[in-house]
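Contents: one structure, followed by commentary.
The values are calculated or read from the model by the stated rules, or taken from the named source; none is laboratory data. It should be emphasised that the depicted structure is a prediction, and the values quoted were computed from it without experimental measurement. Reconstructed Cβ throughout: ideal geometry from the backbone, glycine too, with neighbour counts over all protein chains shown. Quick note on the areas: whole protein, heavy atoms, side chains included, nothing else; ligands and nucleic acids left out. Shrake-Rupley method; radii C 1.70, N 1.55, O 1.52, S 1.80 Å.
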Amino acid sequence: MEHKQQEMLDLLDEIYWNEGYSYGIEYFSQFLHEIVKYDFAKILACQAKFPLGYVLSFILSTPSLWINFSDTDWIRIMSVLNPRPKPFSIEIFDAGYVDIHFLCKYMRLNAIELFLQQEQFSNEDKKRVLQYSSKVAIFLFMNELDLENLDSNYYLHQDELEKVRLTLISTGRIKPLNYTEDELSEYIKKELKVYE
């Protein structure tokens, strides 16, 4: 087991350090035959040391690894990424909360609420997710450039994301994130009071 873990770490390091300036599907696809041997949740946990933008690019460029995930799969990923770093001791663009960031920003799903509903996470875990979300709330929304990149050349197509989003919402466990920036900040503030 140790050996396989080390192989995965070496592979992820190699992909990150060789990336240079070429992000996207074209770059990551050359490593897919190797990456598929490993558990996606563990891959994300091991990449938490890399910058958030890089890890989001990795996810958006390798949809075959997660496109069929259920809400249960995403909850498992949340578990594997726990315990989280303290929100105020990390930079905004650290990747310790990449699952929350990805699900909120790109999938437009309320990953914050999903996390808070899980009994296996401690109140401290929940408080950290809320504090982090409060800190990065304005970055949990896509801008024009983000949308342009979802074109099936650079990253997967936004229509694909929408299909996955609707499938996940249809189970009823994950709700859509239907907030403006101000409303999201208010929602987070209100939830934080429960854990402070």
So residue 32 ticks every box in (1) at pLDDT 95 or above; (2) within 11 Å of the chain's Cα centre (by Cα) but one. Which box is left unticked? (2)
State which residue pairs qualify: first residue free of Cβ contacts under 8 Å to residues at least 40 places away in the same chain and inside the range 86-115, second residue among the β-branched types (Val, Ile, Thr) and outside any loop (DSSP other than H, G, I, E, B) in any location, beta carbons under 6 Å apart, and separation of 6 or more residues or different chains. 115/129
So how many residues does the range 7-29 have that are at pLDDT below 95 and surrounded by fewer than 12 Cβ atoms within 10 Å (Cβ to Cβ)? 6
Quick check on the range 107-117: of everything there that is open to solvent by less than 20 Å² (accessible area, probe 1.4 Å) and outside any helix (DSSP H, G or I), which residue is nearest to residue 85 (Cα to Cα)? 110
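Among the residues of the range 58-67, are any surrounded by fewer than 15 Cβ atoms within 10 Å (Cβ to Cβ) and within 16 Å of the chain's Cα centre (by Cα)? Spell out how you get there, then give the answer.
Of all residues in the range 58-67, those surrounded by fewer than 15 Cβ atoms within 10 Å (Cβ to Cβ) come to 64, 67.
Those left that are additionally within 16 Å of the chain's Cα centre (by Cα): 64, 67.
Yes: the range 58-67 contains one or more residues that are surrounded by fewer than 15 Cβ atoms within 10 Å (Cβ to Cβ) and within 16 Å of the chain's Cα centre (by Cα).
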